[in-house]
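Following: one structure in structure tokens, then a few remarks.
The values are calculated or read from the model by the stated rules, or taken from the named source; none is laboratory data. None of the values given here were measured: they were computed from a predicted structure. Here the Cβ positions follow ideal geometry from the backbone for every residue, glycine too, while neighbour counts run over all protein chains shown.
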Amino acid sequence: MAVQMRNSAMPRCAADRLSRRLRSAKGQSMVEAAIIVPLLLLVTFAIIEFGVLFYVNLALENGVSQAVRYGITGGAMSGMTRQASIESVMRTATPTLTIADGDFHFSHLSGGAWVSGLGGPGDVEKLTVIYTHRVLVLRPLFPSGYVQLSVESSMKNEDRFN
């Protein structure tokens with residue numbers, strides 16, 4: 001009889017060990033971390049990317065505003081044209097952005113319509129800057145991988161230029 005008890009006790013012991021192993025949560029935390037961490041990193045970097053986009057937009061708005069304020073005086077920096085001076089003021093106001101010459105579009109109001117080029121004394125002048133920003137984390141949301149930001153400001157030129 002003792003032999004029968006030993007044989008019946010062995011499978012019960014193995015069943016207990018198997019049951020304890022299945023109920024064990026040793027690897028559960030690792031599996032949960034492997035699922036959650038990539039999602040948290042994606043959300044974190046997406047928030048950072050949106051922050052950078054908002055910064056670029058605000059920097060452009062500030063720079064265009066300062067450039068137009070300079071432009072309405074009709075002044076030009078020494079050795080530069082009026083247009084190059086306005087572009088220089090814009091670049092100085094946005095030192096962290098690289099703005100190409102082709103991104104600047106100058107126009108003025110003439111006869112009720114916007115005409116390309118700088119205006120004269122008393123004209124309403126508008127500066128439009130179209131900036132292309134490369135997206136890193138949010139690339140799936142933007143098929144080309146770039147976001148085009150357009151900022152403009154307009155003001156009336158002073159009646160007399162210096």
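With G79, G51 as the choices, which residue is free of Cβ contacts under 8 Å to residues at least 12 places away in the same chain and in a helix (DSSP H, G or I)?
G51
Taking L138, is it in contact (Cβ under 8 Å) with a residue 40 or more places away in the chain, among the aliphatic types (A, V, I, L, M) and more than 24 Å from T73 (Cα to Cα)?
The answer is yes for L138.
So how many residues does the stretch 134-162 have that are of a type outside the set (S, T, N, Q), within 19 Å of E87 (Cβ to Cβ) and at pLDDT 90 or above?
Result for the stretch 134-162: 4.
To keep it simple, each residue is scored yes or no on (1) surrounded by 15 or more Cβ atoms within 10 Å (Cβ to Cβ); (2) hydroxyl-bearing (S, T, Y); (3) at pLDDT below 90.
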| site | (1), (2), (3) |
| --- | --- |
| A2 | no, no, yes |
| N7 | no, no, yes |
| L18 | no, no, yes |
| R21 | no, no, yes |
| L39 | no, no, no |
| I48 | no, no, no |
| L60 | yes, no, no |
| V64 | yes, no, no |
| I86 | yes, no, no |
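Working only within the stretch 43-92, note down all residues that are touching a strand residue (DSSP E or B) at 6+ places or on another chain (Cβ under 6 Å) and acidic (D, E).
Answer for the stretch 43-92, where residues must be touching a strand residue (DSSP E or B) at 6+ places or on another chain (Cβ under 6 Å) and acidic (D, E): E61, E87.
List, please: which pairs have Cβ atoms under 9 Å, are six or more places apart or on different chains, and start with a residue in the stretch 3-22 that is outside any helix (DSSP H, G or I) and end with one that is at pLDDT 70 or above?
So the pair list comes out empty.
Scan the stretch 125-160 for residues that are out of contact with any helix residue (DSSP H, G or I) (no Cβ under 9 Å at 6 or more places or on another chain), under 19 Å from Y70 (Cα atoms) and not in a strand (DSSP E or B) and report the count.
3
For residues in the stretch 92-127 being within 17 Å of M77 (Cβ to Cβ) and touching a residue at least 40 places away in the same chain (Cβ under 8 Å), which is surrounded by the most Cβ atoms within 10 Å (Cβ to Cβ)?
Out of the qualifying residues, it is L127.
Checking the structure you have, find out if any residue of the stretch 56-72 is assigned to a loop (DSSP other than H, G, I, E, B), closer than 30 Å to S154 by Cβ and touching a residue at least 12 places away in the same chain (Cβ under 8 Å).
Checked against the condition, which is being assigned to a loop (DSSP other than H, G, I, E, B), closer than 30 Å to S154 by Cβ and touching a residue at least 12 places away in the same chain (Cβ under 8 Å), the stretch 56-72 yields at least one hit.
Looking at the structure I just gave you, is S29 assigned to a helix (DSSP H, G or I), among the hydroxyl-bearing types (S, T, Y) and over 28 Å from the mean Cα position of the chain (by Cα)?
yes
If G119 satisfies every condition in (1) in a strand (DSSP E or B); (2) in contact with a His (Cβ under 6 Å, 6 or more places away or on another chain) but one, which is the exception?
(1)
Test E87 against the stated conditions and say whether it is within 17 Å of the chain's Cα centre (by Cα), in contact (Cβ under 8 Å) with a residue 12 or more places away in the chain and closer than 16 Å to L127 by Cα.
No: the conditions fail for E87.
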